[in-house]
Amino acid sequence: MSGVQTIRVTEEDGEQRLDRWLRKRFPHVSQVAIEKLCRTGQLRVDGGRVKGATRVQPGQEVRIPPMPEPGPARERSERPLGPQVNQADEQMIQKAVLWKDEHIIALNKPPGLPSQGGSGLGGRHVDGLTTALMFGYKERPKLVHRLDKDTSGILLLARTDRIARALSEAFRLRSTRKIYWAAVAGVPHPRMGTIRYGLVKGGHRGGDEKMIAVHPRDIDKTEGAKRATTDYAVLDALGTRASWCALVPITGRTHQLRAHMAELGHPIVGDGKYGGSGQENLGDGWGAQLGGEISKKLHLHARSLTFDHPITKKRITLTAPLPEHMSRTWNSLGWHENDVPADPFAEDE
């Protein structure tokens with residue numbers, strides 16, 4: 001076992017996730033072990049408790065507790081670079097590849113598959129399946145942002161640390177543009193607008209954290225509340241019963257789109273956490289279920305993502321087809337993808 005160490009984060013290593021930063025130094029330590037070190041407070045940054053997903057900044061000091069020594073070199077070299085992936089999962093995740101080049105891989109993440117592991121999420125997640133996405137590279141690709149487990153759509157992975165840092169910075173500076181599609185209860189009025197309710201952690205429900213909306217005037221005096229902004233636009237509607245909305249998260253808070261639409265009175269269809277039948281809303285009080293043959297799965301999809309390529313500097317826009325359950329709903333309600341603008345918020349559309 002090594003002793004306690006304190007390591008300063010360099011400029012080159014800044015903006016990395018803490019767990020990846022640590023794995024570069026201790027590749028023999030498992031992700032499960034790292035998460036346990038974070039939960040128990042043994043792994044700290046600038047003296048404070050952190051999570052594995054925390055991004056370290058240049059100049060920060062990371063306290064590392066005694067770590068186990070690696071096994072024999074031969075044994076280590078025979079270990080896979082990541083978790084073993086069964087054939088069915090390998091085919092599934094490779095089929096989800098929407099676009100790739102030598103720097104970036106874009107997935108159309110299926111609904112129900114977590115981006116990363118965590119409490120109550122099990123061991124099957126995108127980050128654990130990246131061994132199947134190496135395509136001849138020596139290192140597994142790295143997630144640079146996340147989608148909720150039940151949200152489908154575009155998810156980017158970087159094939160090198162350099163690209164991961166560049167894309168992470170782009171998301172942090174909000175130079176990317178994400179447009180989500182959702183089916184929601186009722187029809188928001190006005191049909192285009194901006195939601196500015198803050199969000200604060202409000203305990204756990206259904207196995208994971210639930211966010212509580214806070215009126216803009218109360219954000220500064222509510223402990224733990226963070227400002228959040230979402231643009232929305234109604235693209236089509238089924239009378240007053242349901243509508244197809246485009247959503248743009250200006251900020252990136254946990255469950256932001258789901259909590260904001262529920263607070264507006266129009267929860268996303270299939271959202272049992274924020275749109276339960278007991279919640280009052282403008283969709284005739286039936287919560288976030290449409291009934292009939294409409295799926296009860298969450299109807300939230302990361303439809304498009306626009307970003308500047310870190311190497312070519314070209315502006316790239318990727319578009320992800322709807323998942324099967326949402327495609328069936330669109331067909332049932334008579335909504336057609338080609339009838340709406342790609343970006344309803346753009347001035348020239």
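The values are calculated or read from the model by the stated rules, or taken from the named source; none is laboratory data. Source: prediction; values computed, not measured. Reconstructed Cβ throughout: ideal geometry from the backbone, glycine too, with neighbour counts over all protein chains shown. Note: areas computed on protein heavy atoms with side chains; ligands, DNA, RNA excluded. Shrake-Rupley method; radii C 1.70, N 1.55, O 1.52, S 1.80 Å.
Scan the stretch 167-181 for residues that are farther than 23 Å from M192 by Cβ and open to solvent by less than 40 Å² (accessible area, probe 1.4 Å) and jot them down. Walk me through how you get there before you give the answer.
At the first step, the residues of the stretch 167-181 found to be farther than 23 Å from M192 by Cβ are 167-173, 175.
Residues satisfying the conditions are L167, S168, A170, F171.
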The stretch 254-269: number of residues that are surrounded by fewer than 24 Cβ atoms within 10 Å (Cβ to Cβ) and assigned to a loop (DSSP other than H, G, I, E, B)
4
Kindly provide the set of residues from the stretch 127-166 that are on the phi > 0 side of the Ramachandran plot and either in contact with a Gly (Cβ under 6 Å, 6 or more places away or on another chain) or open to solvent by 20 Å² or more (accessible area, probe 1.4 Å) (or both), ordered by number.
F135, G136
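Report yes if some residue within the stretch 216-228 is at pLDDT below 90 and either open to solvent by 10 Å² or more (accessible area, probe 1.4 Å) or assigned to a loop (DSSP other than H, G, I, E, B) (or both); otherwise report no. Spell out how you get there, then give the answer.
Step one: filter the stretch 216-228 for residues at pLDDT below 90, giving none.
Scanning the stretch 216-228 turns up no residue that is at pLDDT below 90 and either open to solvent by 10 Å² or more (accessible area, probe 1.4 Å) or assigned to a loop (DSSP other than H, G, I, E, B) (or both).
Kindly indicate whether T251 is open to solvent by 10 Å² or more (accessible area, probe 1.4 Å), out of contact with any Phe, Trp or Tyr (no Cβ under 8 Å at 6 or more places or on another chain) and modelled with pLDDT of 90 or more.
Working: open to solvent by 10 Å² or more (accessible area, probe 1.4 Å): yes; out of contact with any Phe, Trp or Tyr (no Cβ under 8 Å at 6 or more places or on another chain): yes; modelled with pLDDT of 90 or more: yes.
Yes, satisfied.
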What residue, of A288, A302, is aliphatic (A, V, I, L, M) and either at pLDDT 70 or above or open to solvent by 20 Å² or more (accessible area, probe 1.4 Å) (or both)?
A302
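Any residue at all in the stretch 194-205 that is open to solvent by 60 Å² or more (accessible area, probe 1.4 Å), at pLDDT 95 or above, touching a helix residue (DSSP H, G or I) at 6+ places or on another chain (Cβ under 9 Å) and at negative phi?
As a first pass, look at the stretch 194-205 and keep what is open to solvent by 60 Å² or more (accessible area, probe 1.4 Å): 196-197, 201, 204-205.
Narrowing the set further to residues that are at pLDDT 95 or above leaves 196-197.
Those still in the list that are touching a helix residue (DSSP H, G or I) at 6+ places or on another chain (Cβ under 9 Å) too: 196-197.
Next cut, at negative phi only: 196-197.
Scanning the stretch 194-205 turns up at least one residue that is open to solvent by 60 Å² or more (accessible area, probe 1.4 Å), at pLDDT 95 or above, touching a helix residue (DSSP H, G or I) at 6+ places or on another chain (Cβ under 9 Å) and at negative phi.
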List the number of the failed condition for A185; all other conditions in (1) under 13 Å from the mean Cα position of the chain (by Cα); (2) more than 19 Å from A320 (Cβ to Cβ) hold.
(1)
With (1) at pLDDT 90 or above; (2) touching a Lys or Arg at 6+ places or on another chain (Cβ under 8 Å); (3) buried (at least 16 other Cβ atoms within 10 Å of the Cβ) as the list, and D231 as the residue in question, which single condition is left unmet?
(2)
Got at least one residue in the stretch 59-78 being open to solvent by less than 50 Å² (accessible area, probe 1.4 Å), at pLDDT 85 or above, of a type in the set (S, T, N, Q) and within 25 Å of G3 (Cβ to Cβ)?
yes
Scanning the stretch 18-58 for residues that are open to solvent by less than 50 Å² (accessible area, probe 1.4 Å), out of contact with any Leu (no Cβ under 8 Å at 6 or more places or on another chain) and either β-branched (V, I, T) or not in a loop (DSSP other than H, G, I, E, B) (or both) gives D19, R20, W21, A33, G48
